[in-house]
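What follows is calculated from the coordinates using simple rules that are stated; it is not laboratory data. All of these numbers come straight from a predicted model, not from anything done at the bench. Counting neighbours? That spans all protein chains shown, and the Cβs are built from the backbone with ideal geometry, glycine included.
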Amino acid sequence: MACPFCDFSGHHRAVHAHLATAHADRVVTTAKEGSSLLLRYEVHCPHCDFTAQRIVNPRGRDPDFLEEFAAEIRLVAFDQLLYHLEAAHSQPAAPAKG
Ligand SMILES: [Zn+2]
Ligand SMILES: [Zn+2]
């Protein structure tokens with residue numbers, strides 16, 4: 001499959017890893033302070049209105065922890081985006097079975 005943001009293409013896992021390193025800035029983080037801190041991660045599909053999102057409640061507020069935590073959540077958000085791309089904008093790179 002192809003990266004939705006550039007010319008890179010490869011297997012699902014390769015594209016996933018590529019997204020996390022090359023396009024981490026595509027994931028928009030919104031923090032909501034209330035009785036507890038809520039972080040919302042969003043990544044928009046470049047082909048349609050779909051938004052992959054995840055709302056998390058980190059257990060700590062230590063900046064180092066949040067940075068590591070954010071990296072993990074970005075992977076989850078990109079995973080959602082990839083599944084959406086395969087389901088809604090499937091590319092003929094790999095022959096489908098079934
Ligand atoms: Zn790319
Ligand atoms: Zn889409």
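Observations on the model:
- Using every pair of separate Cα atoms, the Kirkwood estimate puts the hydrodynamic radius of the chain at 14.4 angstrom.
- Relative to the dominant Cα principal axis of the chain, helix 63-88 is inclined by about 30°.
- If only the Cβ of Lys and Arg carry +1 and only the Cβ of Asp and Glu carry -1, the dipole of the chain around its Cα centre is close to 260 debye.
- In this calculation the C-beta distance from D7 to C48 is compared with R0 = 22 Å, giving a FRET efficiency of 0.60.
- Taking every DSSP helix (H) stretch of at least 4 residues in the chain, weighting each as -39,500 (n - 2.57) and dividing the sum by the residue count yields a mean residue ellipticity at 222 nm of -13000 deg cm²/dmol.
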